[in-house]
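S.K.: One structure coming up, written as structure tokens, with questions to follow.
The values are calculated or read from the model by the stated rules, or taken from the named source; none is laboratory data. Here the structure is a predicted model, which means the values were calculated and not measured. Cβ placement follows ideal geometry from the backbone for every residue including glycine, while neighbour counts extend to all protein chains displayed. Quick note on the areas: whole protein, heavy atoms, side chains included, nothing else; ligands and nucleic acids left out. Shrake-Rupley method; radii C 1.70, N 1.55, O 1.52, S 1.80 Å.
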Amino acid sequence: MEPLLLPDELHLRKFVSPEIVFGVGARWLLGRYVQNLGARRVLVVTDPGIVEAGWAKQALESLGEADVHYIVFDGVTPNPKTDEVMNGAEIYKREHCDVIAAVGGGSAIDCAKGIGIVGTNKEHISEFEGVDQVNTAIPPLVCIPTTAGSSADVSQFAIIMDRVRRVKMAIVSKAVVPDVALIDPVTLTTMSSYLTACTGLDALTHAIEAFVSNASSPITDLHALEAIKLIPEFLPASIENPDDIVIRGKMMLASMEAGLAFSNAILGAVHAMAHSLGGLLDLAHGECNAILLEPVIDFNYGAVPERYRLIAQAMGINTDKMKSEQIKTSLLAKIRDLRQAVGVVRGLKGIGVKPDDIPELTSRALEDACMFTNPVTPTADQVEAIYHAAL
Ligand SMILES: [Fe+2]
């Protein structure tokens, strides 16, 4: 007989993840993995920055060594757009591809997921917005991430920007979980300090939002807390020592763990509000999150103080003799100090947001899928207040 009142850990939850190969040299396994998947022709999705950094070339070498045919699509921009997905899907079809490999950050990987959706479902990408809207499995997808932030290589999210509506569509589906993630910290060594900082703060936001999400579970908690522990120590260190593979490896691990947590627990108000900023004004995702994280915690704190206490402890704050309000103050100060240490100090005004934009940003944020798992549902006035606090 099932009791009426179940403890949290007995609420039904599922956890999905790709096959993960983590470690130095993982990127060279691409050829072998697509061969195992039976590939005849691989569409390699990447972007011009990754081509310039040399990671795309290494991926092609690996495919060449395995005698696998390929074609490259590098027409991806930051905040990947619906028309880029449709262009890639056209090439996928025209060239008779049967496997997709993504090499890059969240933009290239999300675009690859979009191409996969269109490749098998044969409809425009904007038809798949929302949760569980993808009916047919996508082609086999192998990812080599080159940032420690988005974790699109392990997640069931694809964020695609609809240029016409200027909305960042969230596509959330088990169908877009990649088959294989080849996670190699060596790829992080070509990131600039600022990209390292913004992507790392994005990963921290993933972990914190997943941990306080109302869809969290014991499995996502485990991963979220580990990421929250690692990032405050190793993000500043990876900026100071960009070529140190051990330190880069810690950040890659933290990003992966944050990704496994948020892919399954979903996110919250920070991401809902950041998606709105990215869609309306085409702003950088990681920086938007970094700016919104403190005011959102300030707003959410009272709903789940015990969860934030555990976050504060994981970030190295000794909460033993602290009252709830002190823990909140210390946690906000810790995040502010971390932002300062890694040089992400601008507010929303500094990245081009005007007070007049806020009503429109607010109505879009309230409709974003990530808002539904925030521990407390804000009103429009409260979202506006958070945007104002972040200006
Ligand atoms: Fe994110």
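S.K.: Starting from the Kirkwood radius over alpha-carbon pairs of region 166-290, derive D by Stokes-Einstein at 10 °C in a medium of 1.306 mPa s and give it in µm² s⁻¹.
M.R.: Stokes-Einstein gives a translational diffusion coefficient of 106 µm²/s.
S.K.: I would also like to ask the following. Output the 0 to 90 degree angle, nearest 10, between the alpha-carbon long axis of helix 193-212 and the longest principal axis computed from the alpha carbons of the chain.
M.R.: In the chain, helix 193-212 runs at an angle near 60 degrees to the longest axis.
S.K.: Using the structure shown, select from LYS113/LYS174; LYS57/LYS81; LYS14/LYS174; LYS113/LYS354; LYS229/LYS334; LYS229/LYS328 the pairs with a Cα to Cα distance greater than 22 angstrom.
M.R.: Distance filter (> 22 Å) returns LYS57/LYS81; LYS113/LYS354.
S.K.: At most 13 other Cβ atoms within 10 Å and a DSSP loop assignment: could you name the GluC sites (Glu not before Pro) in region 70-124 that fit?
M.R.: Loop-located and lightly packed - GLU123.
S.K.: Let me check against my output: what whole-number percent is the relative contact order of the chain, with C-alpha pairs under 8 Å and at least 6 apart?
M.R.: After rounding, I find 16 percent.
S.K.: How tilted is helix 245-265 with respect to the longest principal axis of the chain? Cα atoms for both, answer in degrees (0 to 90, nearest 10).
M.R.: Helix 245-265 sits roughly 80 degrees off the main axis of the chain.
S.K.: Using the basic label-point model (7 angstrom from Cα toward the beta carbon), what is the LYS354 to GLU61 distance in nanometres?
M.R.: Roughly 5.0 nm, to one decimal.
S.K.: What do you get for trypsin sites (Lys or Arg not before Pro) in region 270-345 restricted to DSSP loop and a cutoff of at most 12 other Cβ within 10 Å of the site's Cβ?
M.R.: Sparse-neighbourhood loop trypsin sites (Lys or Arg not before Pro): LYS321, LYS323.
S.K.: Of the residues GLY104, GLY23, GLY116, which exhibits the maximal mean-square fluctuation in a Gaussian network model of the chain defined by a 10 Å Cα contact cut-off?
M.R.: GLY23
S.K.: A further question on this structure: Beyond 38 Å, what percent of the Cα pairs of the chain remain?
M.R.: Value for the chain: 15 percent of Cα pairs lie more than 38 Å apart.
S.K.: Can you compute log10 of I(q)/I(0) for region 191-390 with the Debye formula, treating each Cα as one identical point scatterer, at q = 0.12, 0.13, 0.18, 0.19 Å⁻¹?
M.R.: -0.54, -0.64, -1.26, -1.40
S.K.: Any chance you could run the full-extension gain for GLU123 through MET322? It's 0.36 nm times the residue separation minus the Cα-Cα distance, nm to one decimal.
M.R.: Contour length minus the Cα-Cα distance gives 66.1 nm.
S.K.: Another question about this same structure. Could you do me a favour and compute the accessible area per residue for region 103-183, 1.4 Å probe, result in Å²?
M.R.: 29
S.K.: Given R₀ = 22 Å, FRET efficiency for HIS69-VAL21 by Cβ-Cβ distance, to 0.05?
M.R.: After rounding, the FRET efficiency stands at 0.45.
S.K.: Helix 55-65 versus the longest principal axis of the chain: what angle, 0 to 90°, nearest 10, using Cα atoms?
M.R.: 40
S.K.: Among the DSSP beta bridges whose two residues both lie in the chain, what percent are antiparallel, rounded to the nearest 5?
M.R.: That works out to approximately 20 percent antiparallel.
S.K.: Would you work out the relative contact order for region 19-188, in percent, from Cα pairs under 8 angstrom that are 6 or more residues apart?
M.R.: The normalised contact order for region 19-188 reaches 27 percent.
S.K.: Run the quick spin-label model on ILE91 and GLU9: label points 7 Å from Cα toward the beta carbon, then report their separation in nm to one decimal.
M.R.: Reported label-point gap for ILE91 and GLU9 is 4.8 nm.
S.K.: First compute the accessible area of the chain with a 1.4 Å probe, then give the percent of it belonging to carbon and sulfur atoms.
M.R.: 53
S.K.: Let me ask something else. At most 16 other Cβ atoms within 10 Å and a DSSP loop assignment: could you name the trypsin sites (Lys or Arg not before Pro) in region 92-189 that fit?
M.R.: Filter output for region 92-189: LYS122, ARG163, ARG165, ARG166.
S.K.: With the contact rule set at Cα under 8 Å and sequence spacing of 6 or more, what percent relative contact order holds for region 191-390?
M.R.: It comes to 29 percent, rounded to a whole number.
S.K.: Using the heavy atoms of the protein chains alone and a 1.4 angstrom probe, what is the accessible area of region 1-72 per residue in square angstrom?
M.R.: Each residue of region 1-72 exposes 65 Å² on average to a 1.4 Å probe.
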